[in-house]
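What follows is a short report on a single structure.
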Amino acid sequence: MNSMVQPKEQVKSYDASDVSEGYALAYEQVADLSVMIDAIRNNHEKTAEYVKKVYNVPDTVFSDMKRLFAIIEGLVSDNLEFSKSQEDAYQKRYESIS
């Protein structure tokens, strides 16, 4: 039996700056996602226009996709606003205690 005492694990503590950085990263990731979704939407719109003209497909066929893009845009916008507001709030907390 080993009688050596094992060192206790150090518990990492986080401060407002760490939390602010986490929200900043979340903001950047959602902003990147927004760019990708915009590229997909643009590709979809070009393809839909082509299909409508060449095959005489009615616009209503694409209405669900338009609605989905609008919903995604709203979710992305809400998430960006939330992440930015939280980043700013935690940054102010950190600056006030520094």
Candidates SER83, SER96 - the one that is touching a residue at least 60 places away in the same chain (Cβ under 8 Å) and either loosely packed, with under 11 Cβ neighbours inside 10 Å or not in a loop (DSSP other than H, G, I, E, B) (or both): SER83
Failed condition for GLN6, given (1) modelled with pLDDT of 95 or more; (2) not in a helix (DSSP H, G or I): (1)
Unique residue being under 30 Å from SER96 (Cα atoms) and of a type in the set (Val, Ile, Thr) when the list is VAL51, VAL30, VAL61: VAL30
LEU33 vs. criteria assigned to a helix (DSSP H, G or I), touching a residue at least 40 places away in the same chain (Cβ under 8 Å) and out of contact with any helix residue (DSSP H, G or I) (no Cβ under 6 Å at 6 or more places or on another chain): yes
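Every residue, every condition in (1) within 21 Å of the chain's Cα centre (by Cα); (2) free of Cβ contacts under 8 Å to residues at least 12 places away in the same chain, yes or no:
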{"residue": "LYS53", "(1), (2)": "no, yes"}
{"residue": "MET65", "(1), (2)": "yes, no"}
{"residue": "LEU68", "(1), (2)": "yes, yes"}
{"residue": "LYS92", "(1), (2)": "no, yes"}
Residues satisfying the stated conditions in segment 49-68, i.e. part of a loop (DSSP other than H, G, I, E, B) and surrounded by 12 or more Cβ atoms within 10 Å (Cβ to Cβ): VAL57
Selection status of SER77, surrounded by 14 or more Cβ atoms within 10 Å (Cβ to Cβ) and under 30 Å from SER17 (Cβ atoms): no
Test for ILE71: is it under 29 Å from ALA16 (Cβ atoms) and exposed (fewer than 12 other Cβ atoms within 10 Å of the Cβ): no
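The values are calculated or read from the model by the stated rules, or taken from the named source; none is laboratory data. Just so it is clear, the structure is predicted and the values come from calculations on it, not from any experiment. Ideal geometry is used to build each Cβ from the backbone, glycine not excepted, and the neighbour counts take in all protein chains shown.
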